[in-house]
Amino acid sequence: MDWQGWFALGLAGTALLLMSAGRFAPHLVMMGVLVVLSASGIVSADQALAGFSNSGLITVVAMFVVAAGIHHSGGVDLLVHHLLRNPRTVRSAQARIALPVSLLSGFLNNTPVVATMIPAVHAWSRKIGISPSKLMIPLSYSAILGGTLTLIGTSTNLVINGQYQQLTGESGFSIFSITAVGLPVAIIGVAALLLVMPRMLPDRKDQQKFGSMREFTLEVAVSFDGPLVGKTVGEAGLRELERLYLVEIERDGSVVTAVPSEERLRGGDRLVFAGDTQAISDLLRINGIVPSVHEDEPSLSKDRAERRLVEAALSPQSDVLGLTIRDARFRDRYGAVVLAVARGGERVSGNLGNIRLKPGDVLLLEARPAFVSRQRYNKDFLLINDLETETPRHDRAWLSWGILLVLVGLAACGTLSMLNAALLGAAGMILSGCCSVGQAQKSVDVPVILTIAASFAMGAALEQTGAAGFIAEGILEFSQGNVLLTIMLVYLTVSVLTEVITNNAAAVLVVPIVLSMTTSMGVPAEPFVIAVMMAASASFATPLGYQTNMMVFGPGGYRFSDFVRVGLPMNVFVGAVTVVVIAMVYDISPGL
């Protein structure tokens with residue numbers, strides 16, 4: 001190698017150290033690497049920016065939007081409602097999570113799947129009396145295993161495929177190319193998870209207490225044409241909201257207090273609840289529940305996807321002090337509807353419309369997104385907290401699943417490329433109203449996209465300067481040309497890198513090395529690339545190794561050591577199973 005090769009290797013090592021230290025965000029590190037490589041002339045400007053136009057990266061962006069359509073249409077809520085129900089044991093509860101989540105993650109990016117499931121599983125854990133620490137790691141691990149089922153299951157698979165196409169000029173992998181390996185690994189992995197996890201996971205009580213947040217009084221209504229009409233309070237699940245309780249029902253000018261579970265709901269019933277903010281967020285996701293507004297206020301129930309919950313405290317200079325909520329006419333004055341009121345950290349009793357406002361009252365408002373930026377410095381409010389809770393468009397839930405099935409079908413049959421199928425699916429989600437343009441924009445994880453795009457420059461530098469070939473020769477010399485041992489070393493390398501840096505960055509760094517090795521050995525690259533895909537996804541040992549692990553870390557009440565104790569054996573087991581399955585699928589003999 002000349003100096004460019006050593007410089008590229010040194011830069012890659014420096015990037016690994018910076019990312020593993022955790023002091024700098026991965027996208028900042030990789031963008032810095034891109035700048036250095038381009039400025040030094042090691043890669044051309046076209047090569048440095050090639051990642052931003054890579055088909056794999058664009059496919060990832062489109063799949064983020066598809067996942068947003070499933071989420072904002074209530075598609076995952078539909079799945080949760082029909083599958084979770086009431087298990088009798090911890091193992092049964094974990095199975096009810098693992099099976100649907102792993103299947104769902106095979107066709108949607110697993111990060112938004114887990115993001116959608118966390119609040120649902122958290123609320124469900126309280127309902128069934130099982131600690132969240134027994135359920136959150138299985139949720140993450142199931143999503144990770146499910147992501148190996150298809151090419152679109154995780155962004156890593158799509159990125160590796162895009163880089164493979166770029167470096168080889170070949171057409172790349174089909175949507176189910178990885179399934180022959182991923183399916184048996186996922187089945188065996190989920191089975192091991194269900195057999196071992198109930199005993200290994202900690203049993204920590206939920207840290208959230210009823211009185212830990214401001215307690216509100218909330219009024220909602222039963223939709224006239226919704227699925228709750230005719231159901232009893234118990235059948236509607238309104239007695240199972242642990243941190244939210246039904247105080248009374250207002251109906252035709254009369255009030256039903258001490259509401260029995262057998263009371264049947266009618267369209268237009270105004271339900272008065274008491275509870276905290278998070279529980280209210282859960283309530284507003286129930287299909288058939290709509291905001292309760294007074295007859296003299298225009299309804300804000302239309303176009304709900306463009307609205308969100310906002311906490312606002314009234315200042316001593318507010319113009320609405322001394323007025324009742326009905327007289328204040330928040331809709332006309334501020335473009336918002338008052339859903340709940342808290343005073344001194346406690347709920348304010350009485351009819352919501354007749355509450356007379358005082359300084360320091362905390363109001364839970366439903367408003368347009370612009371409300372926060374417009375009112376943040378208004379003298380009427382002391383603080384504004386955007387809760388970013390949006391009501392799903394339940395009437396489009398089945399439509400969103402239909403769009404996903406069409407997308408998968410077109411890609412699987414070869415009618416459209418994976419890129420075009422994903423773009424068509426993303427456009428379908430927006431045009432059909434499953435998600436709005438704003439929701440689609442928010443769904444795209446910009447730091448992840450920047451990390452992936454900038455990583456291509458590092459991969460190109462390693463390949464072009466001969467550094468990838470240098471490392472490949474070292475691995476081949478160690479393995480003495482044994483194909484199976486080489487695959488094991490590749491898997492081990494990617495697995496270790498994934499635990500200390502992002503899985504996408506680890507994969508992009510290793511793919512050029514793998515291609516150099518297979519060229520030198522004169523063997524097909526496919527089993528090696530599949531091994532990289534599997535290793536980059538199967539990251540269980542630390543919360544840092546995979547984004548879904550970090551997402552469940554807080555809600556599950558875990559410690560770092562919990563992941564090491566449970567995940568390290570899982571890493572070893574899944575790695576061994578993967579190598580064996582690859583050897584069987586591609587007929588690789590240990591003696592070759």
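When each of Gly428, Gly459 is tested for being farther than 15 Å from Pro512 by Cα and either in contact (Cβ under 8 Å) with a residue 24 or more places away in the chain or among the polar types (S, T, N, Q) (or both), the lone residue that passes is Gly428. Criterion applied to Phe478, Phe563, Phe540, Phe528 was being surrounded by fewer than 23 Cβ atoms within 10 Å (Cβ to Cβ) and either on the phi < 0 side of the Ramachandran plot or not in a loop (DSSP other than H, G, I, E, B) (or both), and the one residue passing it is Phe478. Scanning the stretch 403-436 for residues that are open to solvent by less than 30 Å² (accessible area, probe 1.4 Å) and under 23 Å from Gly288 (Cβ atoms) returns Gly433, Cys434, Cys435, Ser436.
Out of Ile137, Ile160, report the one residue that is over 25 Å from Leu407 (Cα atoms) and touching a residue at least 40 places away in the same chain (Cβ under 8 Å). So that I can check it myself, show each step before the final result.
Values: Ile160 fails: over 25 Å from Leu407 (Cα atoms).
After applying the criteria, what remains is Ile137.
Set side by side, the residues Val65, Val61, Val43, Val36 differ, and just one is open to solvent by less than 20 Å² (accessible area, probe 1.4 Å) and outside any loop (DSSP other than H, G, I, E, B), which is Val65. The residue of the stretch 118-135 that is farthest from Val552 (Cα to Cα), among those that are open to solvent by 10 Å² or more (accessible area, probe 1.4 Å) and aliphatic (A, V, I, L, M), is Ile128. Note on the stretch 68-99: among residues that are open to solvent by 60 Å² or more (accessible area, probe 1.4 Å) and aliphatic (A, V, I, L, M), the one that is modelled with the highest pLDDT is Leu99. All conditions but one from (1) modelled with pLDDT under 80; (2) farther than 23 Å from Leu194 by Cβ; (3) open to solvent by less than 40 Å² (accessible area, probe 1.4 Å) apply to Thr518; the one that does not is (1).
Cβ separations smaller than 8 Å between residues 6+ apart or across chains give the following pairs from the stretch 28-49 residues that are under 10 Å from Ala460 (Cβ atoms) to residues that are open to solvent by 60 Å² or more (accessible area, probe 1.4 Å): Ile42/Phe7; Ile42/Gln464; Val43/Gln464; Gln47/Gln464.
Which members of the stretch 527-577 meet the condition of being among the hydroxyl-bearing types (Ser, Thr, Tyr) and farther than 28 Å from Asn482 by Cα?
Of the stretch 527-577, the ones among the hydroxyl-bearing types (Ser, Thr, Tyr) are 537, 539, 542, 546, 548, 558, 561.
Residues satisfying the conditions are Thr542, Tyr546, Thr548, Tyr558, Ser561.
Look at (1) modelled with pLDDT of 80 or more; (2) buried (at least 17 other Cβ atoms within 10 Å of the Cβ) and you find that Arg243 fails only one, number (1).
Conditions tested, residue by residue: (1) polar (S, T, N, Q); (2) in contact with an Asp or Glu (Cβ under 8 Å, 6 or more places away or on another chain); (3) modelled with pLDDT of 85 or more.
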site	(1), (2), (3)
Met136	no, no, yes
Ser142	yes, no, yes
Thr148	yes, no, yes
Glu215	no, yes, no
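Every residue in the stretch 252-276 that is among the charged types (D, E, K, R), open to solvent by less than 50 Å² (accessible area, probe 1.4 Å) and at pLDDT 85 or above, please. Even if it seems obvious, please write down each step before you answer.
Kept after step one, since they are among the charged types (D, E, K, R), are these residues of the stretch 252-276: 252, 262-264, 266, 269-270, 276.
After this cut, where a residue has to be open to solvent by less than 50 Å² (accessible area, probe 1.4 Å) as well, the list is 263, 269-270, 276.
Those that are among the charged types (D, E, K, R), open to solvent by less than 50 Å² (accessible area, probe 1.4 Å) and at pLDDT 85 or above: Glu263, Asp269, Arg270.
Of the residues making up the stretch 435-448, those that are within 17 Å of the chain's Cα centre (by Cα) and part of a loop (DSSP other than H, G, I, E, B) number 3.
The values are calculated or read from the model by the stated rules, or taken from the named source; none is laboratory data. Only a predicted model underlies this, so the values are computations on that prediction, with no experimental measurement involved. Note that each Cβ is placed from the backbone with ideal geometry, even for glycine, and that neighbours are counted across all protein chains shown. Heads up: the accessible areas ignore ligands, DNA and RNA and are worked out on the full protein's heavy atoms, side chains in. Shrake-Rupley method; radii C 1.70, N 1.55, O 1.52, S 1.80 Å.
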